[in-house]
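Everything on this sheet refers to the single structure shown next.
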Amino acid sequence: MVMWASDSRGARVREGLTLLLSQGVIDDFEIGYEDELPYRVTLPVGVLSLDEHQAAHFVLGAVVARFGPLSRDGREI
């Protein structure tokens, strides 16, 4: 099973952020590739500026927080 449509880490981070946006977990995101902290994730509490490594971990944590409890209760998402 292939989970990602992309083969680079940056593209996978973008896919993950797009998933979080479509599920309403985040409010928005921007990627400014020329910046030191190119990933800007908008949440109700403000904007997080992250590098690629931090953004990848943010996506993983947000997905686990959002979908982990749903996967344990046996209901369909």
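The values are calculated or read from the model by the stated rules, or taken from the named source; none is laboratory data. As the structure is a computational prediction, the values presented were derived from the model and not from experiment. Don't worry about glycine lacking a Cβ; one is built from the backbone with ideal geometry, like all the others, and counts go over all protein chains shown. When the accessible area is computed, the model is the full protein with side chains, heavy atoms only, and any ligands, DNA or RNA have been set aside. Shrake-Rupley method; radii C 1.70, N 1.55, O 1.52, S 1.80 Å.
Rounded to a whole number of µm²/s, how large is the Stokes-Einstein D of the chain at 37 °C and 0.692 mPa s, given Rh as the Kirkwood radius over C-alpha pairs?
Details: Rh = 13.2 Å.
D = 248 µm²/s.
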Note to self: with every protein chain in place and a 1.4 Å probe, the chain gives an accessible area per residue in Å² of 71 Å²
In order over segment 15-31: 3J(HN,Hα) from phi, Karplus 6.51/-1.76/1.60, θ = phi - 60°, whole Hz, x for each Gly or Pro, gives 4, x, 5, 5, 4, 4, 5, 5, 8, x, 6, 10, 8, 5, 8, 9, 10
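Once you have the Cα-Cα distance between residue 73 and residue 15, take 0.36 nm times their residue separation minus that, and quote the gain in nm to one decimal. Please report the intermediate quantities before stating the final value.
Numbers: separation 58, 0.36 × 58 = 20.88 nm, distance 2.61 nm.
Roughly 18.3 nm would be gained on extension.
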On the formula 1/(1 + (r/R0)^6), with r taken between the Cβ atoms of residue 54 and residue 23 and R0 of 22 Å, the FRET efficiency rounded to 0.05 is 0.60
Taking Cα atoms only, helix 52-72 is inclined relative to the longest principal axis of the chain by an angle, in degrees rounded to 10, of 10 degrees
